[in-house]
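Where a number appears in this text, it was derived from the coordinates with a stated rule and is not lab data. Remember, predicted model here, so these are calculated numbers, not experimental data. Here the Cβ is made from the backbone with ideal geometry for all residues, glycine too, and neighbour counts use every protein chain on show.
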Amino acid sequence: MPRNIEIKARVIDPAATERRARAIATEGPTDLVQDDTFFAAAHGRLKLREFADGRGELIHYTRADDAGPKASDYVLTPVPDPAGLRESLARAVGVIGRVRKRRRLYIVDRTRVHLDAVEGLGDFIELEVVLAEGETLEAGHAVAESLMASLGIERAQLLQGAYLDLLANKGSTK
């Protein structure tokens, strides 16, 4: 099962954060528009991600809701008919929320750096350090910590939970 180490943080100065990301990126930027629908799940989180070009992915993941670097285990399945699958899942298990965002993706070696503008929430940065098979969590944590320093991400900016949780706390997940 694929694994990564993730952090999510509020961005204070989006332009400065992007300049830092661009300076260390090995690939990018790639601009994406994503519409994530979250469904009730017995374990972890289940979301259907739709892209502006009509592609979709069903993603199940488990991850602690702590602030700071944390492990995430996930399964990603391409979906040829995301609208149809959303309807089926909504009827079968129920929708618990929706997150819409514009994402600028940079790659720094093996880490995905997402600069996110989340509808109803604001600007964020997310790091996903992709772990190799058998690699220790500590190695991924070290990469995340190093990138946080390079990108100027302070501990006080780190967030717990997912964008869905932040929207739920504002009372507007649908």
Q) Dividing the Cα convex hull volume of region 40-119 by residue count, how many Å³ per residue is that? A) 130 Å³
(Q) Can you tell me the length gained on complete extension of the stretch Thr136 to Ala42, counting 0.36 nm per residue apart and subtracting the Cα distance? (A) 31.1 nm
Q. Amide H neighbours of Gly120 under 5 Å, counting only residues 5+ apart in sequence or on other chains, H built in-plane at 1.01 Å?
A. none
Q | Lys8, Lys170, Lys101 arranged by Cβ crowding within 10 Å, fewest neighbours leading | A | Lys170, Lys101, Lys8
Q.
7 Å from Cα along Cα→Cβ at both Ile12 and Ala67: what's the point-to-point distance in nm?
A. 1.3 nm
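Multiply the residue separation of Arg110 and Ser146 by 0.36 nm, subtract the distance between their alpha-carbon atoms, and state the gained length in nm to one decimal.
Length difference between fully extended and current span is 11.7 nm.
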Q: Give the calculated FRET efficiency between Val93 and Phe51 to the nearest 0.05, with a Förster radius of 25 Å applied to their Cβ-Cβ distance.
A: 0.65
(Q) What are the ³J(HN,Hα) couplings of region 27-34, residue after residue, when phi is run through the Karplus curve with 6.51, -1.76, 1.60 and θ = phi - 60°? Round to Hz, x for glycine and proline. (A) 8, x, x, 10, 9, 10, 10, 10
**Q.** Cα point-scatterer Debye curve for the chain, base-10 log of I(q)/I(0) at q = 0.17, 0.20 Å⁻¹
**A.** -1.14, -1.54
Q | For Gly97, distant residues with modelled amide H under 5 Å away | A | Phe38
Q: With θ set to phi - 60°, apply the Karplus curve 6.51 cos²θ - 1.76 cosθ + 1.60 along region 38-49 and write out the HN-Hα couplings as whole Hz, x wherever there is a Gly or Pro.
A: 9, 10, 4, 9, 5, 9, x, 10, 10, 9, 9, 9
Q | Label-reachable residues, region 87-114, where backbone N falls under 18 Å from a point 7 Å from Asn169's Cα toward its Cβ | A | 97-100
**Q.** Cut-off under 5 Å, modelled amide H: who pairs with Leu131 long-range
**A.** Arg3, Asn4, Ile5
Q: Step through the residues of region 64-71 one at a time and calculate ³J(HN,Hα) from phi using the Karplus curve (6.51 cos²θ - 1.76 cosθ + 1.60, θ = phi - 60°), rounding each to whole Hz and writing x for Gly and Pro.
A: 5, 9, 6, 6, x, x, 8, 7
